[in-house]
Amino acid sequence: MVATCLHLVGFVSSFVGWIGVIVATATNEWVVTCGYTITTCRKMDELGSKGLWADCVMATGLYHCKPLVDILILPGYVQACRALMIAATVLGLPAVFLLLTVLPCIRMGHEPGAAKYRRSQLGGVLLILLALCGIIATIWFPVSAHRETTIVSFGYSLYTGWIGSALCLFGGSVIVCCSGDAQSFGENRFYYASGSSSPTHAKSAHV
C-alpha cells in the first residue's frame, strides 16, 4: 500500500513538472536584460527579455517581440537549449502514458505485476532523463546569455523550468526507487468478491 501511494505521489508531481517544462519551453521570458538598473531601463523603455524563440522589449503599454527564426546566425547555446527543452517535452509523452497504464485504478486484463513494474520503471527513467534535459538547458541558457548582455534578473519562464525539472526529477526518482519489487507490484489493492453473498463483504489480495 505504501508503494502504491508513493507511486501516485511520483506520478502527480511528475505530471505537474512536465506541464511546467512545456510552459517554460513555449514562453520567452527566460532572462530580463538591461544595460542599466531596472528602474532606469523602465524609464528609458529599454527593459528587454530573452528566450528560446524571441527577443522582446517591455515598455509602458508595449510588449514587442522579434522572433529568432534565422537558425544559421543563432548562437550555439540557444539552439542547444531549444533541442534540450524540446527533447524534454517529447520525453514526457511516453513517460506519462506508461505511468497512466500502471495506475492502481487501471487494469488491463490479467496482466502480471512484473509487466506493469517494467513499464513503471521505464516511465520513471524517462522522467529522470526529461528532468536532466530541463536542468541543463535552464542553467546553460542564463550563463551563456550573461556573456552576451547584462542580465538583471531571471524571468518567470526560467523559474517555471527549474521548478518543473525539479518536480520531474523528484517524481521519477520516487517511481524508480520506491515502487517495490516486480513480483508484488500492483497487487496490494482491494477488490469486491464477485460471488459474495453480502454486498458489504469484501476480500483483499496480498495486503
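Annotations for the structure displayed:
- Each Lys or Arg adds one and each Asp or Glu takes one away; over the other residues whose Cβ falls under 11 Å from the Cβ of ALA54, this sums to 0.
- Taking a sphere under 14 Å around the Cβ of GLU148 and counting the other residues whose Cβ falls inside, with K and R at +1 and D and E at -1, yields a net charge of +1.
- Distances between placed amide hydrogens fall under 5 Å for MET58 paired with LEU47, GLY48, SER49, all partners being 5 or more residues away or on another chain.
- A crude spin-label estimate for the pair ALA3 and PHE97, with each label 7 Å from Cα along the Cβ direction, gives 2.6 nm.
- Efficiency of FRET from Cβ geometry, ARG147 and ILE73, R₀ 22 Å, rounded to 0.05: 0.85
- Under a 5 Å amide H cut-off, with hydrogens placed 1.01 Å from N, VAL31 pairs with LYS50, GLY155 among residues at least 5 apart or on other chains.
- Under Karplus coefficients 6.51, -1.76 and 1.60, residue-wise ³J(HN,Hα) of the range 120-133 in Hz, glycine/proline x: 5, 5, 5, x, x, 5, 4, 5, 5, 4, 4, 5, 5, 4
Throughout, read-outs are computed from the coordinates displayed, never taken from laboratory work. Only a predicted model underlies this, so the values are computations on that prediction, with no experimental measurement involved. No Cβ is skipped: glycine too gets one built from the backbone with ideal geometry, and neighbour counts run over all protein chains shown.
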